[in-house]
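Enquirer: Shown below is the structure under consideration.
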Amino acid sequence: MNRLLIGTRRYSSWSLRGWLAVRVAKLNVLDQVIPLRGGGQTVEIHRISPNGMVPFLEHDGAQVWESLAICEYCAEFAPSLWPAERIARAHARSIAAEMHAGFRGVRQALPMNLGRDRQPRPQLDEAAQKDIATIDRIWSETRERYGAGGEYLFGSELTVADIMFAPIVTRFRSYAIALSPRAQAYAEAILAHPLLREWYELAQAEPKEWLLDSYESLI
C-alpha cells in the first residue's frame, strides 16, 4: 500500500512537513489520518509506524519515517526540493537540520493549533523569545542572500528548508508573533502557498471529535 500516515492536521507539525514533501514530489500515495490524543496515547500509530510517530511513508516498497528523511526521499523524485547551487544547497541543509533538531523554546511556548487565529499569549519566556529572534534572522538573511527571483527562502521553488519551517509559520500566525518586515513577508508567502491553504482547509474539515482540550504535548 502506498500511504502517508499523518496525525490530526490541526495539531501535527511533523505531519505537515512530511505531507508537503510528498505533495511537492507528486508521489502517488493516500493520506491516512490518525487522530492524536497526546502524551503518547495514540496506540494506533505504534502498531504501524516503526518509531511510533508520524509521519510515516510507505511508497513502492520503501518505508520512511522521520520528517527530514521523508523530505530527502522525496527529493529523489523532485530535485528542486534542494537548491541546485552547491553553496545554497549547503545552507538549505544546515537550516533545515537546525529546525529539525532545535528551537525547543518555540515548540513548547507556541504549540501548533490551526484553530487558533492571531491570538497572542500574554507572556513568552526568554527561550521562546530567543528562538523567535533566531528564526526571524534565519529567514531574513536567507531571503536576502539566496531568495532573489521568488518569495521563498531560495527563490521561486519550495525547498525542504521552507517545508521544515512551514509549521513555525503557522504557529507565528496562530499566536500573532511580531516579525521583521522581511520575515513577515516570507511568512505571508508561505501561508499563501496553495498547499498550505489546502492543509488549512483539510484541518478545518476534520471532525469536531478530534479536537483536544490540551495540545501542548504535540510539539
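The values are calculated or read from the model by the stated rules, or taken from the named source; none is laboratory data. In this text the structure is predicted, and so the values were computed from the model without any measurement. Methodologically, a virtual Cβ is constructed for each residue, glycine included, from the backbone with ideal geometry; neighbour enumeration extends over all protein chains shown. In case anyone asks, the SASA skips ligands and DNA or RNA and just uses the protein heavy atoms, side chains included. Shrake-Rupley method; radii C 1.70, N 1.55, O 1.52, S 1.80 Å.
Enquirer: Return the carbon/sulfur percentage of the accessible area of the stretch 1-119, one whole number, probe 1.4 Å, all protein chains in place.
Expert: 50 percent
Enquirer: Ignoring ligands, DNA and RNA, how do ARG121, ARG37, ARG143 rank by accessible area with a 1.4 Å probe, largest first?
Expert: Heavy-atom accessible area, descending, gives ARG37, ARG121, ARG143.
Enquirer: Compute a Gaussian network model of the chain, connecting alpha carbons closer than 10 Å, and tell me which residue from LEU114, LEU57, LEU30 fluctuates the most.
Expert: The residue with the greatest mean-square fluctuation here is LEU30.
Enquirer: A follow-up question, please. At 18 Å minimum axial length over the Cα atoms and a Kyte-Doolittle cut of -1.0, report the qualifying DSSP H helices in the chain, or say none.
Expert: Counting only whole DSSP H runs, the qualifying helices are 13-25, 86-101, 160-174.
Enquirer: Can I ask one more? What residues have an amide H closer than 5 Å to that of ILE34, excluding those fewer than 5 places away on the same chain, when H is modeled at 1.01 Å from N in the peptide plane?
Expert: Long-range HN contacts for ILE34: ILE6, GLY7, THR8.
Enquirer: Hey, in the GNM for the chain with a 10 angstrom Cα cutoff, which one of TRP199, TRP139, TRP14 fluctuates hardest?
Expert: TRP199
Enquirer: Based on the alpha-carbon gyration tensor of the stretch 1-157 and its eigenvalue square roots a ≥ b ≥ c, which shape applies: rounded if a/c is under 1.5, prolate if not and a/b is larger than b/c, or oblate?
Expert: oblate
Enquirer: Okay, next question. Express in nm, to one decimal, how much length is gained between ALA205 and THR134 on full extension, taking 0.36 nm for each residue of separation and deducting their alpha carbon distance.
Expert: Result for the pair: 22.2 nm of gain on full extension.
Enquirer: While we're looking at this one, here's another question. Taking the Cα centre of the chain as origin and charging only Cβ (+1 Lys, Arg; -1 Asp, Glu), how large is the dipole, in debye to the nearest 20?
Expert: Roughly 240 debye, rounded to the nearest 20.
Enquirer: Sort out the exposed loop GluC sites (Glu not before Pro) in the chain (DSSP loop, at most 15 other Cβ within 10 Å) and tell me the longest stretch that has none.
Expert: Here the longest segment lacking exposed loop sites spans 86-215.
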